[in-house]
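Notes follow the structure.
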Amino acid sequence: MTMETRVLKYFLEVAKLNNITKAAEKLHITQPTLSRQIMELEKEVGVPLFDREKRQMRLNQAGALFQERAQAILNLLDQTEQQLSTVGHQLSGMINLGMVESVVADFLMDQVAAFQDQYPNVRFNIFDGDGDTLRGRLDQGLCDLVALIEPVEAAKYNYFTLPTRERWGLIMRADDPLAKRHQIMAHDLYQLPLIVGRRSIVRDDITDLMHLDPNKLDWRIQINLPANAQRLVLSGKYYHFGIYGVYKKYHDPRLAFVPFSPEKTSGHLLAWRKNMQLAPASEKFLQFVAEQTVH
């Protein structure tokens, strides 16, 4: 397959506008030229990418998949150009850094600020997400480095441990009777309507430690990021099965956090893809963070 990035940009514009004429005007080319380029692209990939209805062109299932991949390719090319850029002999480029929403974010933001003090020509693109989303971005080359909460399916990644740990417990309304407890026991969790993160590997690790029967727990709502859970917890109808770092980020005196017993804590990892050469800026930042973890 020998398609040019220019053709990918043409395709994405048509997909965005659903109209050949409008896309041609936006791209400053003629409508027949754009139509020919799209038909040649469909011939090259071997399947139609659009459903054509009068003057409208809408992505079909194959087109939606191709749109996702085409955008990822162009993003990756753009990131590579930025990473390879230099200003004189000074280190420069873009570092795409992903992180989970936990206490690790505070640690890494301090590292980012300190790193830019030394290397002001390096820029950061920071993406927040849960572990599944971040690993997906790492696999696609959209993130260079990601900070994940343990446990992690790390067989295909290089990683090292970061000096931050999280306590697990329940987040609830501060006026809830359970908020007066110093600890939440396993039997307290049964029959409670729970909000939980979607990463089953983390959930299973905690339920195993506490000897909980997951089939008897009322997993009422599953989330990927905790922001929307705050309102649900404040309703008094739900309990967030989560980490202290999330409670801390809420900064809400109407909420309380009570840790589990036995105590459960999780560490963090900074991970990157195996068999993948990092750009100089990312390599330097990785070394910088590693040095902070041993001092």
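Identify the residue in the stretch 12-60 that is assigned to a helix (DSSP H, G or I) and polar (S, T, N, Q) and, among all such residues, is surrounded by the most Cβ atoms within 10 Å (Cβ to Cβ). Within the stretch 12-60, the match that is surrounded by the most Cβ atoms within 10 Å (Cβ to Cβ) is Gln37. Any residue that is touching a His at 6+ places or on another chain (Cβ under 9 Å), closer than 28 Å to Gln71 by Cβ and crowded, with 16+ Cβ neighbours inside 10 Å - is there at least one of those in the stretch 132-139? No, the stretch 132-139 contains no residue that is touching a His at 6+ places or on another chain (Cβ under 9 Å), closer than 28 Å to Gln71 by Cβ and crowded, with 16+ Cβ neighbours inside 10 Å.
If a residue counts only when it is in contact (Cβ under 8 Å) with a residue 12 or more places away in the chain and aliphatic (A, V, I, L, M), which strands (runs of 3 or more DSSP E) contained entirely in the stretch 189-295 have at least 3 such residues? Break it down into steps so the answer makes sense when it comes.
Numbers: elements: 193-197, 218-223, 239-243, 255-261, 265-273.
Filter on the stretch 189-295 gives 193-197, 255-261, 265-273.
Among the residues of the stretch 180-189, which ones are surrounded by 12 or more Cβ atoms within 10 Å (Cβ to Cβ) and at pLDDT 90 or above?
As a first pass, look at the stretch 180-189 and keep what is surrounded by 12 or more Cβ atoms within 10 Å (Cβ to Cβ): 181, 183-184, 186, 188-189.
Across the stretch 180-189, the qualifying residues are Arg181, Gln183, Ile184, Asp188, Leu189.
Name every residue in the stretch 237-295 that is among the polar types (S, T, N, Q) and either exposed (fewer than 15 other Cβ atoms within 10 Å of the Cβ) or more than 20 Å from the chain's Cα centre (by Cα) (or both), in order of residue number.
If we filter the stretch 237-295 for residues that are among the polar types (S, T, N, Q), which is where we start, we get 261, 265-266, 275, 277, 282, 287, 292-293.
Correct list: Ser261, Thr265, Asn275, Gln277, Gln287, Gln292, Thr293.
For the list (1) of a type outside the set (S, T, N, Q); (2) more than 19 Å from Ala256 (Cβ to Cβ); (3) surrounded by 14 or more Cβ atoms within 10 Å (Cβ to Cβ), I need the number of the one condition that Ile171 fails. Among (1) of a type outside the set (S, T, N, Q); (2) more than 19 Å from Ala256 (Cβ to Cβ); (3) surrounded by 14 or more Cβ atoms within 10 Å (Cβ to Cβ), the lone unmet condition for Ile171 is (2).
Which ranges mark the helices (runs of 4 or more DSSP H) fully within the stretch 61-179 that have 2 or more residues being at pLDDT below 90 and over 18 Å from the mean Cα position of the chain (by Cα)? Before you say what the answer is, go through the steps one by one.
Details: elements: 61-84, 104-118, 131-139.
Correct list: 61-84.
The values are calculated or read from the model by the stated rules, or taken from the named source; none is laboratory data. Just so it is clear, the structure is predicted and the values come from calculations on it, not from any experiment. Here Cβ is always computed from backbone atoms with ideal geometry, including for glycine, and neighbour counts include all displayed protein chains.
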